[in-house]
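What follows is a short report on a single structure.
The values are calculated or read from the model by the stated rules, or taken from the named source; none is laboratory data. Just so it is clear, the structure is predicted and the values come from calculations on it, not from any experiment. Note that we place each Cβ from the backbone using ideal geometry, even for glycine, and neighbour counts take in every protein chain shown. The protein model used for the area step is the full one, side chains on, heavy atoms only, and it has no ligands, DNA or RNA in it. Shrake-Rupley method; radii C 1.70, N 1.55, O 1.52, S 1.80 Å.
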Amino acid sequence: SQTIHQWPATLVQPVGSPLSLECTVEGTSNPNLYWYRQAAGRGLQLLFYSVGIGQISSEVPQNLSASRPQDRQFILSSKKLLLSDSGFYLCAWSVGFVYEQYFGPGTRLTVT
Amino acid sequence: SQELEQSPQSLIVQEGKNLTINCTSSKTLYGLYWYKQKYGEGLIFLMMLQKGGEEKSHEKITAKLDEKKQQSSLHITASQPSHAGIYLCGADGGGGNKLTFGTGTQLKVEL
């Protein structure tokens, strides 16, 4: 069966510090991978998606970046965090239908 | 780009009451998906609507798609505490590789 892992679960970082969030998927090959951000109680904002290794599409211009060094690994990074980067970050994967996305447990990031 | 506006933004109902959540698109809907999210967790796919006038039900949750109005509604009958969470609508964001999600509706069910 397929499994998706995200870590860390929670993170508190000072403004200006770097960020690295990791997402890995098990049990499937060549998935589409997605990074979303969610403000408290609100909808999801698509940040990046990837259809293959090294292929990253950016949806929102910002100080975040994403990389896909391996087929089932998706990394969200920042060189210098801003207060506005605080939020709940979700990773998801899909194969086949785009609506059938499977989400990780999320990372709650607080920038102080 | 397509935008999905949900209403209400938040909702508090007493257990046993019915409720409706709406999702309105800025563009023509060719398919609409509903998801539920518990606080601090990922999304769970509820159902997909593909045709105008289509209606689907899952347990006590019914969703309809009105293509002419570019709108979908989600109706919960006899709400229970287990229905509490954030409900999100989603639509194909273009190219078949990404989704656009709605603004979300936070539902609380009081005993």
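Below are the figures for this structure:
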| item | result |
| --- | --- |
| Those lysines that a straight Cα-Cα span of less than 26 Å connects to residue B:56, excepting residues fewer than 8 apart in one chain | B:17, B:27, B:36, B:38, B:64, B:68, B:69, B:98, B:108 |
| B/A buried area, accessible surface, summed, 1.4 Å probe, Å² | 1800 Å² |
| Extension reserve of the residue A:22-residue A:80 stretch, reckoned as 0.36 nm per residue once the Cα distance is removed | 19.2 nm |
| Region A:57-102 - percent of accessible surface contributed by carbon and sulfur, probe 1.4 Å | 57 percent |
| Loop trypsin sites (Lys or Arg not before Pro), region A:23-110 (other Cβ atoms within 10 Å of the site Cβ: 16 or fewer; DSSP) | A:79, A:80 |
| Span from the region A:74-112 Cα centroid across to the region B:1-74 one, whole angstrom | 23 Å |
| Electrostatic dipole magnitude of the protein assembly as shown [Cβ: Lys, Arg +1; Asp, Glu -1; Cα centre; debye, to 20] | 240 debye |
| Local electrostatic count at residue B:48 - Lys and Arg +1, Asp and Glu -1, tallied over other residues with Cβ under 15 Å | -1 |
| Sparse-neighbourhood loop sites, chymotrypsin sites (Phe, Trp or Tyr not before Pro) in region B:13-47 - DSSP loop, at most 16 other Cβ within 10 angstrom | B:30, B:39 |
| For chain B, radius of gyration divided by Kirkwood radius, i.e. Rg to Rh on alpha-carbons | 0.96 |
| Kirkwood hydrodynamic radius over Cα pairs of the protein assembly as shown, then Stokes diffusion coefficient at 10 °C and 1.306 mPa s, in µm²/s | 88 µm²/s |
| Whichever aspartates and glutamates have a C-alpha closer than 16 Å to that of residue B:60, once near sequence neighbours (fewer than 8 apart) are set aside | B:15 |
| Heavy-atom surface of chain A, accessible at 1.4 Å and reported per residue (Å²) | 45 Å² |
| Under the Karplus curve 6.51 cos²θ - 1.76 cosθ + 1.60, θ = phi - 60°, whole-Hz ³J(HN,Hα) for region A:81-88, x wherever Gly or Pro sits | 6, 10, 4, 5, 7, 4, x, 9 |
| Region B:67-111 - accessible surface per residue (Å², probe 1.4 Å) | 41 Å² |
